[in-house]
Each structure stands twice: as structure tokens, then as C-alpha cells.
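Worksheet: one structure, shown below.
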């Protein structure tokens with residue numbers, strides 16, 4: 001993803017593994033892209049949110065109206081309610097709103113640059129922690145959803161740790177959950193691992209806990225969309241069963257996220273609004289209905305992993321062990 005004079009040039013994540021770029025030039029474009037998962041991944045949402053505010057400020061440059069810009073910013077922040085980074089990025093850009101469009105853009109670009117550095121640092125810190133927890137040997141790691149470079153600006157979080165370990169020749173295999181219903185694991189994470197040259201296996205979500213229980217995995221490494229003050233972790237639906245399996249198998253369950261994902265204002269995961277997405281995502285595949293016409297579905301986008309199941313949370317600043 002990059003900022004251009006015409007707007008935000010992003011990879012359309014709904015088209016992956018085909019690489020298709022789209023231009024987000026208006027606030028409406030940004031809101032639609034966030035809601036439609038054209039852009040997704042908590043760190044990336046923070047950056048897109050900040051740059052979306054910059055687009056709002058630029059659009060109103062001739063008659064600069066900070067109240068209207070704040071209203072646009074609220075629309076952006078509300079496009080997905082669970083990932084705390086989105087509102088964090090919006091608020092970072094709004095801090096400069098009284099300085100005019102150039103000041104807002106400068107503040108948003110700082111958010112972008114900080115994301116790259118944060119992901120690089122937390123990746124190195126997480127790699128060191130896994131060596132400490134598992135020993136200095138090639139590891140088999142299990143991950144869920146996508147927390148790689150495409151979920152950020154560069155490097156990634158959970159997959160950034162994999163990348164850092166791979167550079168040390170310390171990755172034997174990565175087990176990738178396909179991540180239903182939109183297959184971010186098989187479409188995106190697997191593609192990133194291919195690009196890195198990392199050996200991996202894609203498995204259906206329901207197989208993940210059994211694979212961990214069977215002793216085939218050294219550690220589970222996932223990202224997060226929000227981390228509550230007590231260490232509860234909100235991540236893609238299907239994360240909680242992996243944490244339960246990891247605890248039963250006695251293997252580390254490590255969460256990787258920038259400090260901006262830690263929400264000190266939310267006491268626990270019980271207070272988080274879990275996004276409910278369209279039933280059609282579950283009932284259809286590639287636009288073709290696979291369930292009976294009269295069937296309905298529940299489609300929560302996230303689940304909450306209690307802090308006592310988390311071995312460590314790794315950020316660019318610390319390795320926090322809430323469990």
C-alpha cells in the first residue's frame with residue numbers, strides 16, 4: 001500500500017492470490033474498502049484510517065471545515081467496530097486537523113512509517129522469545145488468518161515473526177488454517193509464505209486443534225485485532241480453539257501485535273463489540289449458494305481468547321506474559 005497524489009493505492013485483498021490494485025481517492029472509497037475487506041488486518045486498518053482522514057481534509061481544502069472532516073473521520077472509524085487500530089489511526093490524524101490538510105497528511109504518514117518500524121521490531125522480539133521458549137532449532141509453527149505484510153504496511157506481525165525466524169534458518173514448517181469463511185489463510189498467508197520460500201501446509205480450520213493435540217506443532221503464533229487491558233485477545237474467529245488446544249498440548253500460544261492494538265480503555269474481552277458479518281459469507285462460496293435456501297447463519301468475525309490461555313503477547317516494546 002502506498003500514498004500517491006491521487007489517493008491510496010492498495011492491494012485488493014478480496015482478489016488474492018491474484019494481485020489486483022485499486023485506488024481509494026475518496027472517503028466513500030475508504031469506508032467501502034474497509035467494510036468490504038479490500039483492506040484488512042489491524043495494523044493496516046490503522047494506517048488506512050489515518051490516510052483516509054488525510055483524504056477527507058484534502059477534499060475540503062478550499063472551504064476547510066473541521067467539523068465536516070471529523071464527521072468523515074467518524075464514518076471511517078465506524079466501518080469496522082472490533083479492530084481498535086482503525087480508530088487509533090483516525091484519532092492520530094485528527095490530532096493535526098486544526099493545522100490544515102498538509103498537517104493531517106504529515107501526521108498520517110508518520111503512522112505509516114511507524115507501522116513498518118514497529119512490525120520489524122516486534123518480529124525480532126517475537127523470534128527471540130520463541131527461541132527462548134522452544135529452543136534453538138527449526139520450529140513447526142501454527143498460524144490462523146493472515147497477519148503478514150499484507151495485513152500491515154510491511155513485514156507483518158505473527159507472520160513477521162515467521163519471517164524473522166526464517167532468516168535465521170529456524171523454521172521447519174508453518175501450518176496455515178484456511179480461515180473460513182473468506183479463506184484469508186489459504187488465499188493470503190499461503191501466498192506470502194510461497195513468496196518467502198517457507199515450507200507450509202494448509203489445513204481446514206477444524207483440523208487445527210487436532211494437529212496441535214497430535215504433537216505436530218511447536219508453537220502457535222497469531223495476530224490480534226484488539227487486546228484488552230487484562231490480556232484477553234480478540235482475533236479472527238477460530239483463534240480460541242487453537243489456544244485451548246495449545247494449553248492442553250503444553251505448547252506456547254504467542255500473540256503478536258503493535259502497541260496500538262492494546263486497548264487500555266477496555267477492561268476485558270467481554271466488553272468488546274464483536275463484528276457480525278453477512279450470513280451470505282457462510283452460506284455461499286464464490287457466489288454460489290451451498291446451503292439450503294431457507295437456512296440462515298451466524299457469522300461472527302472474531303472470538304475472544306482469555307488471557308490465561310496466552311503464553312505471551314509480543315509488541316515492538318515488550319513481551320508481556322498475561323497467562
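The values are calculated or read from the model by the stated rules, or taken from the named source; none is laboratory data. Bear in mind that the values here come from a model prediction, so they are computed numbers and not experimental data. Note that we place each Cβ from the backbone using ideal geometry, even for glycine, and neighbour counts take in every protein chain shown.
Remarks
- Condition broken by residue 207, with the remaining ones in (1) without any contact (Cβ under 8 Å) to a residue 60 or more places away in the chain; (2) more than 26 Å from residue 117 (Cβ to Cβ); (3) under 20 Å from the mean Cα position of the chain (by Cα) satisfied: (3)
Conditions (1) in contact with a helix residue (DSSP H, G or I) (Cβ under 9 Å, 6 or more places away or on another chain); (2) in the same structural domain as residue 128 (by TED's automatic domain parsing); (3) buried (at least 18 other Cβ atoms within 10 Å of the Cβ), marked per residue:
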residue	(1), (2), (3)
258	yes, yes, yes
269	yes, yes, yes
280	no, yes, no
286	no, yes, no
290	yes, yes, no
300	no, yes, no
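- Some residue of the stretch 189-204 being in contact with a helix residue (DSSP H, G or I) (Cβ under 7 Å, 6 or more places away or on another chain) and in a loop (DSSP other than H, G, I, E, B): yes
- Every residue from the stretch 302-323 that is at pLDDT 95 or above, part of a loop (DSSP other than H, G, I, E, B) and surrounded by 17 or more Cβ atoms within 10 Å (Cβ to Cβ): 306, 310, 311, 315, 316
- When residues of the stretch 76-127 are limited to those that are over 19 Å from the mean Cα position of the chain (by Cα) and in a loop (DSSP other than H, G, I, E, B), the one farthest from residue 35 (Cα to Cα): 100
Results for (1) touching a strand residue (DSSP E or B) at 6+ places or on another chain (Cβ under 6 Å); (2) crowded, with 20+ Cβ neighbours inside 10 Å; (3) modelled with pLDDT of 95 or more, shown as yes or no for each residue.
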{"residue": "132", "(1), (2), (3)": "no, no, yes"}
{"residue": "138", "(1), (2), (3)": "yes, no, yes"}
{"residue": "141", "(1), (2), (3)": "yes, yes, yes"}
{"residue": "144", "(1), (2), (3)": "yes, yes, yes"}
{"residue": "150", "(1), (2), (3)": "no, yes, no"}
{"residue": "153", "(1), (2), (3)": "no, yes, no"}
{"residue": "167", "(1), (2), (3)": "no, no, yes"}
{"residue": "176", "(1), (2), (3)": "yes, yes, yes"}
{"residue": "185", "(1), (2), (3)": "yes, yes, yes"}
